[in-house]
1. Keeping to the range 140-192, report how many residues are surrounded by fewer than 18 Cβ atoms within 10 Å (Cβ to Cβ) and within 10 Å of the ligand (Cβ to nearest atom).
2. Residues in the range 226-271 that are hydrophobic (A, V, I, L, M, F, W, C), in contact with a helix residue (DSSP H, G or I) (Cβ under 8 Å, 6 or more places away or on another chain), within 26 Å of Ser127 (Cβ to Cβ) and buried (at least 19 other Cβ atoms within 10 Å of the Cβ): how many?
3. Among the residues of the range 209-220, are any assigned to a strand (DSSP E or B), of a type in the set (Phe, Trp, Tyr) and within 26 Å of His99 (Cα to Cα)?
4. Filter the range 54-83 for residues that are under 17 Å from Val6 (Cα atoms), within 11 Å of the ligand (Cβ to nearest atom) and not polar (S, T, N, Q) and give the result.
5. Return the residues of the range 1-35 that are open to solvent by 80 Å² or more (accessible area, probe 1.4 Å), outside any strand (DSSP E or B) and either in contact with a strand residue (DSSP E or B) (Cβ under 8 Å, 6 or more places away or on another chain) or within 12 Å of the ligand (Cβ to nearest atom) (or both); say none if nothing qualifies.
6. For the range 162-221, which residues satisfy the criterion of being farther than 18 Å from Leu28 by Cα and out of contact with any strand residue (DSSP E or B) (no Cβ under 8 Å at 6 or more places or on another chain)?
7. Could you please let me know if Val103 is away from the ligand (no atom under 11 Å from the Cβ) and modelled with pLDDT of 95 or more?
Amino acid sequence: MRRVAVAGSPRGQLFHELGRTRPADVELLPLSGGAGERLDIRDADAVRAAVETLAPDALINAAAWTAVDGAEADPEGARAVNATGAGHLAAAAAAVGAHMVHVSTDFVFGASDGRPFAIDAPTGPLSVYGRTKLEGERLVRKEAPDATVLRTAWVYSSHGQNFVKSMLRLMGERDELGVVVDQIGAPTWAYPLAGACWAAATGRVSGTLHWSGAGVASWYDFAQAIRDEATALGLLENAARVRPIATHEYPLPAPRPAYSVLEIAPSAAALGLQPDHWRADLVRMLGELA
Ligand SMILES: NC(=O)c1ccc[n+]([C@@H]2O[C@H](COP(=O)([O-])OP(=O)(O)OC[C@H]3O[C@@H](n4cnc5c(N)ncnc54)[C@H](OP(=O)(O)O)[C@@H]3O)[C@@H](O)[C@H]2O)c1
């Protein structure tokens, strides 16, 4: 039996899916702050004490400040979790010989030449969130050089808050919906993402890896698919018409990359896993809601 500690909150998408995908021979140890509360990873002493007590074989970091737009107004708040907190976890993991798995983001990249980002493509985050996540990657590497840094993108789950659930709500409320068509990415179901984390943790896979659903989509394509598949499953009746709009028609505080696709094939091979097409995963996730 291997023992794997997990940082984060039961409210989080990835944390939840890690619970559902736990391999049979793994004991999952949530990092607890006592009284049923999550451990605050900003507290270095508490992190060190909790990890020392559990002495796990591996530690997965599913905790993050994921409010991309909120980070623009509070860079220090985002940095404390995404960078400093991640560093605390990596240092504590290294101190007990646990393999660290840290989850990062496609937003560490910025401008693209229209091809998927390779692992070693130059980074260049456009937003505060992306900069704090990149800083987190570097701190994790410094504290735990053998760690897995697993970058992912456009994450959704039947649990928690995400684009799919927002779309389902808005499509039930409105007649028409404008969705951005000039940002391309790869929707990623948190369930197989959790499987990739388990493979990295139990296999002690070292280095930076990429994981997302296979294929690409604009937010508009993704919204169309959500509407059509949800209607087919009986989750929506008379769903809203989806209209393509440009990024400048839906201004947000944090800039987003126009083409943000991760090259995943080498990482999938390293993990011994094969990601499914994003639309097949979307149907599975919607099936859970139906
Ligand atoms: N969501 C995406 O689209 C996306 C895209 C690319 C990469 N990622 C990365 O994927 C990973 C998992 O994201 P997710 O989608 O599961 O995010 P999520 O649903 O927002 O979950 C993150 C959790 O982190 C917890 N947290 C925040 N501050 C904390 C702290 N100081 N100590 C302990 N826990 C703290 C939050 O707990 P509370 O709810 O209790 O506050 C939250 O539930 C993150 O590393 C994220 O950066 C996500």
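1. Residues in the range 140-192 being surrounded by fewer than 18 Cβ atoms within 10 Å (Cβ to Cβ) and within 10 Å of the ligand (Cβ to nearest atom): 2 in total.
2. 4
3. Step one: list which residues in the range 209-220 are assigned to a strand (DSSP E or B), which gives 209-210, 214, 217-218.
Adding the requirement that they be of a type in the set (Phe, Trp, Tyr) leaves none.
Looking through the range 209-220, none of the residues is assigned to a strand (DSSP E or B), of a type in the set (Phe, Trp, Tyr) and within 26 Å of His99 (Cα to Cα).
4. Within the range 54-83, Ile60, Ala62, Ala63, Ala64, Trp65, Val81 meet the criteria.
5. Within the range 1-35, Met1, Pro10, Arg11, Arg22 meet the criteria.
6. Ser166, Leu168, Arg169, Gly172, Glu173, Arg174, Asp221
7. no
Let's see how each residue does on (1) aliphatic (A, V, I, L, M); (2) more than 20 Å from the chain's Cα centre (by Cα):
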{"residue": "Gly207", "(1), (2)": "no, no"}
{"residue": "Gly215", "(1), (2)": "no, no"}
{"residue": "Gln224", "(1), (2)": "no, yes"}
{"residue": "Arg227", "(1), (2)": "no, yes"}
{"residue": "Ala232", "(1), (2)": "yes, yes"}
{"residue": "Arg243", "(1), (2)": "no, yes"}
{"residue": "Ala254", "(1), (2)": "yes, no"}
{"residue": "Ala258", "(1), (2)": "yes, no"}
{"residue": "Gly287", "(1), (2)": "no, yes"}
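The values are calculated or read from the model by the stated rules, or taken from the named source; none is laboratory data. In this text, all values refer to a predicted model and were calculated from it rather than measured experimentally. Glycine gets a Cβ as well: all are built from the backbone with ideal geometry, and neighbour counts include every protein chain shown. We work out accessible area using only protein heavy atoms, side chains counted, and drop any ligands, DNA or RNA first. Shrake-Rupley method; radii C 1.70, N 1.55, O 1.52, S 1.80 Å.
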